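Structure first, then comments.
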Amino acid sequence: MNEVETHEQLFLSCSFTEGIWAKMLRLNHIDRDPMGWSGELQWAISHCNNRNQSCIIFKLSLACTLYQVWNERNGRTFAQLCRHQEVIVAEMVKEIRARACSIRNVKNSLQNWQVCMNWGLPCSLLRPEGQF
């Protein structure tokens, strides 16, 4: 993170944050390379415009990535603390799982079941068939 800081550079374009975001994309089963700040915002707007569980978890992943990158930047800048990508990603996965477990009234569908399996979430989050 010794490069010039712009929003585009800091959020998802420098090699450190790009590596973290690439891991988040894989966890979300999104098969593409990171696209930088502007590209990710455009992708999220065009692909995550409903309330299914995969969209919610993608948005949580994006928000958590931005928070953790900012936190890491501040730790390195002001406290000379440096964490490895794997440590940051593990913390993010834990936080996203905790937040995802609070989502209620999730439709019982194959897509949502797969999201539960991918993220290690309990399938009890899915509402039984026929319930609203």
(message) Under a crude label model (7 Å from the Cα following the beta-carbon direction), how far is SER124 from PHE78 in nanometres?
(response) 4.0 nm
(request) Enter the angle in degrees (range 0 to 90, nearest 10) between the Cα long axis of helix 15-27 and the first principal axis of the Cα atoms of the chain, meaning the one along which they spread out most. (result) 10 degrees
(request) Under 18 Å Cα to Cα from LYS94, which lysines show up? Leave out anything in the same chain fewer than 8 places away. (result) LYS23, LYS59
(request) Note down the net charge around GLY36, summing +1 for each Lys or Arg and -1 for each Asp or Glu among other residues with Cβ under 11 Å from its Cβ. (result) -4
(request) Report, to the nearest 10°, how far helix 85-100 tilts away from the longest principal axis of the Cα atoms in the chain, using its own Cα long axis and a range of 0 to 90°. (result) 30 degrees
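How would you rank 74-87, 34-47, highest first, on the average number of other Cβ atoms within 10 Å across their residues?
Descending packing order for the listed peptides: 34-47, 74-87.
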(request) Just grab the label-to-label distance for ASN71 and ALA90, each label 7 Å out from Cα along the Cβ direction, in nm (one decimal). (result) 1.4 nm
(message) Quick check: the angle from helix 36-47's long axis to the longest principal axis of the chain, C-alpha only, nearest 10 degrees?
(response) 10 degrees
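Quick note: the coordinates plus some simple rules give every number you see, no bench work behind them. Not measured: the values here are computed from a predicted model. Virtual Cβ from ideal backbone geometry, glycine too; neighbours counted across all protein chains shown.
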